[in-house]
Amino acid sequence: MKKIFMVAMMLAASMGLNAQTIHRQVVENGGTGPFKAEVVEDASCPAFTMYRPQNLKEVVSKNGKLPVIVYANGGCQNNNVEMRYLLSEIASYGYVAGAIGPYDEEDIDAKWKSILEGSYPEGKEDVILANGEKIIQKSPEELQKIREEQQKRIQQMLKEQAEARKKAGNKQQATPVQETYPRMLLEVLDWLTDQNADANSDYYHCLDLDKVAAMGQSCGGAQVLGVTHDPRIKTGVMLNSGIGDMEMQGTTKDNLNSLHQPMLYLIGGPNDVAFPNANKDYERIADNIPLVLINTKDGHSGTYYEKSGGPYAVVVHKWLDWQLKGKVGQSALFLDDEYFQKFHPDWTVVRKNW
């Protein structure tokens with residue numbers, strides 16, 4: 001993947017390509033924020049997808065330069081379709097997000113339906129997709145059948161990979177290959193930095209590169225921790241993620257020692273596979289790093305499948321407004337227990353170093 005990305009970028013450079021939009025899509029009417037958002041695929045940055053306000057230059061001329069988000073996907077996948085609702089919603093509040101993965105037209109509601117049918121968030125009475133479809137909780141027998149079918153598909157995929165390698169003369173056992181790597185978050189930031197300085201670019205003088213957030217979900221959170229040493233990253237957002245005692249994507253608990261910015265952990269509670277790791281991170285992060293850890297009852301799937309990204313999108317955009325735009329009023333959700341409980345009585349929040 002890294003080699004493919006570098007070749008694509010070298011080809012783009014050799015052809016003299018500036019930012020060149022080759023596809024646009026509007027998700028959920030552009031979000032609920034003051035600036036309707038769009039999803040953009042760019043010919044000179046084929047390994048990434050951009051989420052940004054429509055009429056970018058007009059928005060900037062009236063409201064000033066926009067902060068930047070770099071985003072890494074769950075499963076460290078080369079596909080950001082699962083977060084399309086959340087990223088579009090955040091962009092509608094005046095952000096430019098560069099997400100790992102090329103443009104993908106996959107049916108996001110169908111994908112989330114499949115995920116949620118096999119892993120219904122315990123503690124939630126109703127699970128409703130953005131399209132209004134209600135997911136019915138499966139019986140233990142039905143869940144077992146779904147998981148057996150998923151395991152069969154995985155085994156079939158591995159078998160096909162092994163056969164393909166055998167035909168190619170490689171008889172080693174096939175193993176899943178991670179498609180992305182942490183430094184991609186810095187590569188898309190580098191690209192946006194170049195575009196911000198290019199008078200021929202859509203992004204020319206549109207970005208506030210002193211205000212950058214790194215954000216990732218699940219395995220993508222490990223990629224975030226892998227780059228937060230970079231001084232350009234002013235805040236980190238860990239969604240259903242934590243490193244704990246694991247080693248993932250070259251990231252370990254040692255990377256926590258490189259943090260220099262405020263961090264938000266948004267976790268799905270005890271039923272979230274990331275719950276124990278996030279708690280370990282909370283205890284280990286140094287006493288000079290401002291930190292907030294929020295736990296919900298949504299499990300590992302958060303609320304990303306809900307309309308406009310659900311409550312998770314609201315929490316994230318409020319955090320970014322506070323950390324990157326200096327909107328101190330948004331801090332109440334994170335620092336005021338009474339205010340927090342008024343809006344999220346079933347959630348819990350802990351914090352330190354404020």
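Just so you know, all these numbers are worked out from the coordinates, no wet-lab data involved. This is a predicted model, so every value here is computed, not measured. Counting neighbours? That spans all protein chains shown, and the Cβs are built from the backbone with ideal geometry, glycine included.
A few comments on the model shown:
- Longest segment of the chain lacking GluC sites (Glu not before Pro) that sit in a DSSP loop with at most 15 other Cβ atoms within 10 Å: 134-246
- Projected onto its three principal axes, the C-alpha set of the range 23-104 covers 37, 26, 21 Å, listed from the longest axis down.
- Least to most buried among His317, His205, His300 (fewest other Cβ within 10 Å first): His205, His300, His317
- For the chain, the list of Cys residues with no other Cys C-beta under 4.7 Å reads Cys45, Cys206.
- Shape summary of the range 108-167, radius of gyration then Dmax from alpha carbon positions: 15.3, 50 Å.
- Entry note, the chain: the mean residue ellipticity at 222 nm calculated from DSSP H runs of n ≥ 4, each adding -39500 (n - 2.57), is -11000 deg cm²/dmol after division by the residues and rounding to the nearest 500.
- Calculated over the chain: convex hull of Cα atoms, volume per residue (Å³): 144 Å³
- Backbone amide hydrogens, once placed in the peptide plane, bring Val39 within less than 5 Å of Gln25, Val26, Val27, excluding anything fewer than 5 places away on its chain.
- The fewest-to-most ranking of Phe48, Phe275, Phe343 by surrounding Cβ atoms within 10 Å reads Phe343, Phe275, Phe48.
- Close Lys-Lys pairs in the range 108-167, where close means Cα under 27 Å and separation is 8 or more or interchain: 22
- Which of Leu56, Leu185, Leu209 has the fewest Cβ neighbours within 10 Å, and the rest in rising order: Leu209, Leu56, Leu185
- Vicinal HN-Hα couplings computed from phi for the range 28-44 (Karplus, 6.51 cos²θ - 1.76 cosθ + 1.60; Hz; Gly/Pro x): 6, 6, x, x, 9, x, x, 10, 4, 9, 9, 9, 10, 10, 10, 5, 8
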